[in-house]
Amino acid sequence: MNRMKDMTKVLLLIMVSLMLMIGCTRDTEGSVTIADQYGLAYAPLQIAKLQQLIEKRVPDAQVNWVQMANTAAIREAMVSGRVDVGFGAIPPFLIGWDHGMDWKIATGLSRSPLGLVTLDPELQSLRDFSAEDRIALPQPGSIQHMLLSMAAEEQLGSADALDTRIITLSHPDGVSALLSGSIQAHFTSPPYLFTELEQPGAHMLVSGTEAFGEPFSFIVGYASRACYDSKQKLYRACIEAVQEAVTFIEEHPGEAAQLLSQVYEMDQELILKYLTAEGMVYDTQVLGIRKFSEFMHSRGYIEEEPRSLEELFWD
Amino acid sequence: MGLDRRRRMSIIITRAGWILSTLLVWQLIVSTRRVSPLILPSLQAIGSSFWSSLITGDLVRYAGVSISLVLAGGLIGTLLAAVLAVAAYQSKFLAGGIDTLTAVAHPLPGIALLPLVILWSGTGITSVLVIIVHSVIWPMTINLRSGFSSVHQRYIDVGRNYGFSRLGIMLHIMIPASWSYMLAGLRIAWARSWRAVISAEMIFGVMGASGGLGWYIFQRRVFMDTAGMYAGIAVLIMIGLVIEDHLFRLLEHKTISRWGGRQ
Amino acid sequence: MSDTLVSMKGLDFSYRTPDGSIRVLDQVDLNVERGEFTCILGRSGCGKSTLLRILAGFEQHSGGSLLIDGTPLTAPSMERIMIFQEFDQLLPWKSVRENLLFPLRKRFPDESAAQLHERSEQALALTGLSQAAGLYPRQLSGGMKQRAALARALALEPKLLLMDEPFASLDLKTRDSLQQLLLRLWRESAATMLFVTHDIQEAILLSDRLYIMDEREQGRLTCYENPLRRPRSHSMEGFKSFALRIARAFD
Ligand SMILES: Nc1ncnc2c1ncn2[C@@H]1O[C@H](COP(=O)(O)OP(=O)(O)O)[C@@H](O)[C@H]1O
Ligand SMILES: [Mg+2]
C-alpha cells in the first residue's frame, strides 16, 4: 500500500512539473528565434545575422539563430514553440500544414540548382538504374525526393519507380558515399552539388528544373501563428531583413562573398563563383507552390490540397 | 522455481503499474488540450496507428528486420570476440595487441564510426552489421577475457586429465565455466547493438523492403505522423522489456541459477 | 617378483616463480606396486600435491626418471585420474550423470550411448548416488561431491587413482564411511591407489605400504610396510602400536 502512495506522489509531481514546463515554453515578446540549415541557399540569413539587419529595425530585440540538421527538426521545434521562424523547402512545409500545423509561409528566400549526380558512365538516364543501385537523398518527403518522384513519373511512368533504391543520407555523408562508390547517385544542392560536379566523370542525370518543369523556390521561410499574431513587429523586421539581405547579395556579390567566406569556411573566390552560378537566385518571391501541392496531393504525400493561397501565406 | 516465477510476476506487476500510471498522466495532459497533438498525440491515436501497422504486418516486418540484424551482428561479434579472447589467452604477445585494440575501440560509439563505415562498406546491410559487430565485439571480448581468467586451475586440470586438447579445454571447460561473464557481456552487447542498429537505421535508412524499426520511426517523423512515431517507439520499448526482463532472465534462470553462483 | 606400476628414481622438481625457482622435490624415489594401496603421509607444504601433479602429468619434472608400466610419463592420461581435496572438481554446469558421461564418451569412444549410460549408472550405484544422478553439483553435500568424483574416476577404469587428501575437508562420520567405501571399491576394481593424506590414522587404516614425506629433505620418502591384516579398525590389535611408530617417525 505504501508503494502505491509513493507512486501516486511521484506521478503527481511529474505531472505538475510537465504542466509547468509546457506552460513556460512560449518565450517573451521581445525575442525571436530563427532556425535555418546548412547550405549556400541560406546565404541571405547569414548576411542578416552578420549585419544585424533585424536588430537594426527593432533595436532592443533579442534575436536567436539556430542551425538545425533537417526540416523535420525545425518543424518539431516550431510545433513545441521553441522556434518562431524556420527556413526550408516547400514539401516539408506542406506535410506540416497537412497535419494541422498552424504555420504559413512568410517569405521566399532562394532558387537553386539541384540535381541528381552520378559518377558512373553507365548511368545516362533514370532508366539505367539497376535494382542494386542506390540513390541517396536527405530524407523521404524532402524536396529532393519529390523532384526525383516527378522525374520518375515523367520518365519511367510511375512516381515511386525509384523509391526502393532510395537511401537517406545527410548531404555531406552522401558526398563521401558517392565518391567512395557505395552509392550510385546523389540528389543534392550547393555547395555539395558543385563539389560533386567538379569530379571527373560527374554528370547530372536530372536537374531540379528539368524535373519540375518550371522555376520553383528551393528555400522559403515559414512563421508560426504564435509569432505572426503576437510578435508582429519582429515578424515584419525579419521579412524586411531577409529582403534587404537578398538585395545586398544580388547587388554586391563580392562583398557578400567576403562576409560569407568566414561563415562557410570556404575560399572567397569560390563562394563568389557559387553565389553567381547559373540558377542560383536569391529572391523573396515564392514560386511553384501550386505544382508541389498538386503533385504531393495526387501521390498521397498530403491528404488535403490547399483551396487558396491564403491558407498557405501570411500576407 | 516457484520463487522465480513469483519474482517474474512481481516484475511484470511493477512494470505494468508504472507504465499504466504514465499512460494515465499522458492522457490527462492530452485532455487539457494545452499541448499540440503533434507533440503529444492521444493514446487512441497512437493505439490505432499501432493497430493498423500491426494488422498490415508493417510493424512486425520492420521490427523483424532490426532484430534479425542484431542477431546476425551479435552472432558474428560474439564469434569474433571469442577468437580474440582465445588468442589473448593463448599468447601473451597477442594479449598486448588485443588489450590496446580493446582500449581504443571499446569507448567509441558505433555511430561515431558511421562516416568511416560508409566510406569502407557503403550504405547497405553490411554497414549496419559492421556497426552492430563493433558494439558487440568489445564488451564481449572484455567479459570473455575476465571470464577466462576467473576459471579455476582445477577445472583446467580436470580437462587435461581427460585428455582434452587446448581447443577441447577451451570449448568444454573455459567457455562454460565463464558463462556468467559471457551472459553479462551479452547483456551489454544487446543494449549497445540495439541502440546502434536503431540509430544507424535512422541515419541511413533504406526505403522499401529492407528498412528496420529505426527507419519506421524516422519515416513517421519526416512525414509528421507523430502518433505513428510513438507507436514505433512503443514497439522499441516493448522489445527492450521483453528481451531484458524475460529472455535474459530466463537464460540466467536456466543456467547460472541452476549451476549456482560463481564457479 | 613384484609388479611395479610406478617407478620413480631421483626425481627433481622446482617451481619457477618471478623471484627465482623453488626446489620442492630433490632426489625423490617412489615405487607403487600394481593393485596395492599406497599412502603418502606428510605435513602440509612438504610437496605431496606436487608429487601427485607430476604423476598426473600436470607438471614436468626436471631430473630423474619416472616410469609408468615401464614407459616414461609424458602427458596427462585417463590411465591416471586425479581426485582433489576441494569439493569443486565436478563441472558445475553439468548434472552428476553428465559429469560422468562426459569423460566416458572420450574414454570409450567406440561404445554406444546405452553402453556408456550403463557404465555411469553402475558407477553411481556403487557409490550410492543413483538417486542423485540428475542433480547439479551445487545441490550435493561435500561427501556426495567426493563420492561423485570417485564414481567419475572409477568409471574411467584408470590403472592408477591419484587421491590428494580427498577426505580432508569432511566431517569425521562422513570420512569414516567414505574410507570404507573407498576400500570396498578398491577391492572390487583392479585399480592401484596412491592416496595422499596428513592424517596418520587414515594412512594406517587404508594402506598396504606407507611413505612418509620429509619436508626438511625436499620430499625424501621413507617406506613402511603396513603389518595390519584387513579388515581393519581403529580398535584392532596392533593398530595403536603401529600408529605410535609412524607418529615418532613423522616428528
Ligand atoms: N604453483 C606453485 N608455485 C610456486 N610454489 C608452489 C606452487 N605450488 C606449491 N608451491 C610450493 O611448493 C611446496 C609444496 O607444495 P604442495 O605440493 O602443495 O604441498 P602439500 O600438498 O604437501 O601441502 C610448498 O612450499 C608450496 O608453497
Ligand atoms: Mg596439498
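In table form, for the structure just shown:
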{"quantity": "Probe 1.4 Å - accessible area at A:Glu154, Å² to nearest ten", "calculated": "150"}
{"quantity": "Within chain C, helix-based [θ] at 222 nm, where runs of 4 or more DSSP H residues each add -39,500 (n - 2.57), nearest 500", "calculated": "-10500 deg cm²/dmol"}
{"quantity": "Area accessible to solvent at B:Trp179, 1.4 Å probe radius, in Å²", "calculated": "50"}
{"quantity": "Segment C:Arg209-C:Ala249, extension gain: residue separation times 0.36 nm, minus the distance between their alpha carbons", "calculated": "12.9 nm"}
{"quantity": "Around A:His186: net Lys/Arg minus Asp/Glu count, Cβ-Cβ under 15 Å", "calculated": "-3"}
{"quantity": "Hits among aspartates and glutamates - C-alpha to C-alpha of C:Lys173 under 20 Å, sequence gap 8 or more where chains match", "calculated": "C:Glu86, C:Asp164, C:Glu165, C:Asp199, C:Glu202"}
{"quantity": "Simple label model, 7 Å out from Cα along Cβ direction - A:Glu198 to C:Asp19, nm", "calculated": "7.0"}
{"quantity": "Exposure of B:Lys254 as accessible area (Å², to 10), given a probe of 1.4 Å and all protein chains", "calculated": "110"}
{"quantity": "Within the protein assembly as shown, percent of DSSP bridges classed antiparallel, to nearest 5", "calculated": "60"}
{"quantity": "Under 30 Å from A:Lys104, Cα to Cα: lysines that are on another chain or at least 8 residues apart", "calculated": "A:Lys49, A:Lys56, A:Lys231, A:Lys233, A:Lys291"}
{"quantity": "Most mobile of A:His171, A:His145, A:His252 in a GNM of chain A (Cα contacts under 10 Å)", "calculated": "A:His252"}
{"quantity": "For the range C:137-220, the spread of Cα positions along each principal axis, largest first, Å", "calculated": "42, 28, 21"}
{"quantity": "About the Cα centre, charge dipole magnitude for the range C:85-181 (Lys/Arg +1, Asp/Glu -1 at Cβ), debye", "calculated": "140"}
{"quantity": "Scattering profile of the range B:39-91 at q = 0.13, 0.15, 0.22, 0.24 Å⁻¹ [log10 I(q)/I(0), Debye over alpha-carbon scatterers]", "calculated": "-0.55, -0.61, -0.83, -0.88"}
{"quantity": "Cα centroid separation, the range B:166-230 to the range A:254-315 (Å)", "calculated": "39"}
{"quantity": "Ranked order, B:Leu79, A:Leu126, A:Leu272 - accessible area, probe 1.4 Å, largest first", "calculated": "B:Leu79, A:Leu272, A:Leu126"}
{"quantity": "Chain A, helix-only ellipticity at 222 nm - DSSP H runs n ≥ 4, -39,500 (n - 2.57), divided by all residues, nearest 500", "calculated": "-13500 deg cm²/dmol"}
{"quantity": "Whole-number percent relative contact order across chain A, with pairs defined as alpha carbons under 8 Å at least 6 apart", "calculated": "27"}
{"quantity": "Mean-position separation - Cα centroids, the range C:144-169 and the range C:1-29, in angstrom", "calculated": "23"}
{"quantity": "Spherically averaged projected area in nm², based on the convex hull that wraps the Cα atoms of chain B", "calculated": "17.4"}
{"quantity": "Charge tally in the Cβ shell below 15 Å around A:Glu311, where Lys, Arg are +1 and Asp, Glu are -1, A:Glu311 excluded", "calculated": "-4"}
{"quantity": "Most mobile listed residue (C:Ala132, C:Ala113, C:Ala56) in chain C, GNM with C-alpha springs under 10 Å", "calculated": "C:Ala113"}
{"quantity": "Values of log10 I(q)/I(0), in the order q = 0.21 Å⁻¹, for the range A:197-303 under a Debye, Cα-only, solvent-free model", "calculated": "-1.20"}
{"quantity": "Residues of the range A:258-286 with amide N under 13 Å of the 7 Å Cα→Cβ point at A:His252", "calculated": "A:258-260"}
{"quantity": "Dimensionless Rg ratio for the range B:116-211, taking C-alpha atoms and the 2.2 N^0.38 Å reference", "calculated": "1.48"}
{"quantity": "Student exercise, the protein assembly as shown dipole from Lys, Arg, Asp, Glu Cβ charges, in Debye to nearest 20", "calculated": "4660"}
{"quantity": "Computed FRET value (nearest 0.05) for A:Arg290 with A:Thr209, which takes r as the C-beta separation and R₀ as 25 Å", "calculated": "0.95"}
{"quantity": "Where A:Thr247, C:Thr197 fall by accessible area, highest first, once all protein chains stay in place (1.4 Å)", "calculated": "A:Thr247, C:Thr197"}
{"quantity": "For the range A:99-216, alpha-carbon Rg and Dmax in angstrom", "calculated": "14.3, 47"}
{"quantity": "Cα convex hull volume per residue for the protein assembly as shown (Å³)", "calculated": "251"}
{"quantity": "Inverse mean reciprocal Cα-Cα distance (Kirkwood Rh) of chain C, Å", "calculated": "18.9"}
{"quantity": "Cα-based Rg and Dmax for the range B:1-115, where Dmax is the largest Cα-Cα distance (Å)", "calculated": "23.1, 66"}
{"quantity": "Net charge contributed by nearby residues that have their C-beta within less than 12 Å of A:Ser298 (K/R +1, D/E -1)", "calculated": "-2"}
{"quantity": "Inter-label distance, nm, simple model (7 Å from Cα along the C-beta direction), B:Val104/C:Asp69", "calculated": "5.3"}
{"quantity": "List B:Trp51, B:Trp138, ordered by accessible area with a 1.4 Å probe, largest first", "calculated": "B:Trp51, B:Trp138"}
{"quantity": "10 °C / 1.306 mPa s Stokes-Einstein diffusion coefficient of chain A, Kirkwood radius on C-alpha pairs, µm²/s", "calculated": "76"}
{"quantity": "Mean projection area, nm², convex hull over Cα of the range C:90-157", "calculated": "3.9"}
{"quantity": "Å² of accessible area per residue within the range B:42-257, as computed with a 1.4 Å probe and no ligands counted", "calculated": "42"}
{"quantity": "Gyration tensor over alpha-carbon atoms, the range A:155-257, equivalent ellipsoid semi-axes in Å", "calculated": "34, 20, 15"}
{"quantity": "Rg and Dmax [Cα atoms of the range B:61-161; Å; Rg one decimal, Dmax integer]", "calculated": "16.2, 51"}
{"quantity": "Extension gain from A:Gln124 to A:Ser308, taking 0.36 nm per residue of separation minus the Cα-Cα distance", "calculated": "62.3 nm"}
{"quantity": "Distance from the range A:145-176 to the range B:75-116 (C-alpha centre basis), Å", "calculated": "39"}
{"quantity": "Calculated FRET value between C:Ala114 and A:Asp133, using beta carbons and R₀ = 60 Å, to 0.05", "calculated": "0.50"}
{"quantity": "log₁₀ of I(q)/I(0) at q = 0.19, 0.20, 0.23 Å⁻¹ - the range C:1-128, Debye sum with one point per alpha carbon", "calculated": "-1.17, -1.22, -1.36"}
{"quantity": "Shielding by other protein chains, B:158-168, mean Cβ within 10 Å", "calculated": "6"}
{"quantity": "Reach of A:Lys5 by Cα under 27 Å, taken over lysines that are not fewer than 8 positions away in the same chain", "calculated": "none"}
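The values are calculated or read from the model by the stated rules, or taken from the named source; none is laboratory data. Since this is a predicted model, take the numbers as computed values, not measurements. Neighbour counts run over all protein chains shown; Cβ positions are idealised from the backbone, glycine included. Keep in mind that these areas ignore ligands, DNA and RNA; they rest on the heavy atoms of the full protein, side chains included. Shrake-Rupley method; radii C 1.70, N 1.55, O 1.52, S 1.80 Å.
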